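Structure first, then comments.
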Amino acid sequence: MFLNKKIPSFTLSEMMVVLVISAIVISLAITTLSLVQNHIRRISNNFEKNTEIRLLKRILTNDFNKYVLEYNYTEKQLLCTNPIDTISYVFSESYILRNKDTMQISITENTVYLDAQPIKEGVIDAFKLTLSKEYQNREIFVFKQKDATFYMNN
């Protein structure tokens with residue numbers, strides 16, 4: 001006499017259900033991963049842009065406080081001079097050139113000031129850059145406090 005012992009196992013329909021559920025879970029995981037990667041990429045790009053803007057503002061502030069500033073309207077050039085050194089900035093729509101360093105910051109407008117009045121060119125004491133839409137139209141305003149010798153020499 002033979003005994004019919006059943007071996008515990010899964011049926012074909014149970015295996016198909018597990019495969020379908022696994023496929024759904026894996027597709028959701030891949031979709032979520034791609035969304036997270038896109039968000040991280042955007043955050044990284046925003047961080048790089050903000051870092052460039054902070055660096056530009058820090059460099060401009062440093063140069064404004066160390067040098068005598070003159071702006072040339074026709075060449076869109078800012079000259080920072082002192083007895084030891086001269087630094088030049090060239091402002092283009094798609095970049096800013098400081099001596100031989102290029103910053104890939106696109107600007108829409110730059111305005112120069114002397115004694116809180118906008119001027120076209122000459123000696124300046126404040127500078128406002130309006131950045132492009134890529135940078136949410138942010139503005140960078142840098143100024144220099146003048147002492148009495150500035151007014152006595154001019």
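The values are calculated or read from the model by the stated rules, or taken from the named source; none is laboratory data. Only a predicted model underlies this, so the values are computations on that prediction, with no experimental measurement involved. Neighbour counts run over all protein chains shown; Cβ positions are idealised from the backbone, glycine included.
Structure values in brief
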{"read-out": "Members of the range 124-143 found to be touching a Leu at 6+ places or on another chain (Cβ under 9 Å), surrounded by 14 or more Cβ atoms within 10 Å (Cβ to Cβ) and part of a strand (DSSP E or B), listed by number", "value": "126, 127, 129, 140, 142"}
{"read-out": "Residue in the range 94-116 that is surrounded by the fewest Cβ atoms within 10 Å (Cβ to Cβ), counting only those that are in a loop (DSSP other than H, G, I, E, B) and not β-branched (Val, Ile, Thr)", "value": "100"}
{"read-out": "Failed item, numbered, when residue 43 is tested on (1) over 20 Å from residue 134 (Cβ atoms); (2) modelled with pLDDT of 95 or more", "value": "(1)"}
{"read-out": "Given (1) on the phi < 0 side of the Ramachandran plot; (2) modelled with pLDDT under 90; (3) of a type in the set (A, V, I, L, M, F, W, C), number of the condition residue 84 does not satisfy", "value": "(2)"}
{"read-out": "Unmet criterion (only one of (1) in a strand (DSSP E or B); (2) closer than 19 Å to residue 131 by Cβ) for residue 88", "value": "(2)"}
{"read-out": "Selected residue (only one of 109, 93 is more than 16 Å from residue 71 (Cβ to Cβ) and under 20 Å from the mean Cα position of the chain (by Cα))", "value": "93"}
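Yes/no matrix, rows are residues, columns are (1) outside any helix (DSSP H, G or I); (2) touching a residue at least 40 places away in the same chain (Cβ under 8 Å); (3) touching a Lys or Arg at 6+ places or on another chain (Cβ under 6 Å); (4) surrounded by 14 or more Cβ atoms within 10 Å (Cβ to Cβ):
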residue: 27; (1), (2), (3), (4): no, no, no, no
residue: 33; (1), (2), (3), (4): no, no, no, no
residue: 36; (1), (2), (3), (4): no, no, no, no
residue: 42; (1), (2), (3), (4): no, no, no, no
residue: 46; (1), (2), (3), (4): no, no, no, no
residue: 49; (1), (2), (3), (4): no, yes, no, yes
residue: 61; (1), (2), (3), (4): no, yes, no, yes
residue: 70; (1), (2), (3), (4): yes, yes, no, yes
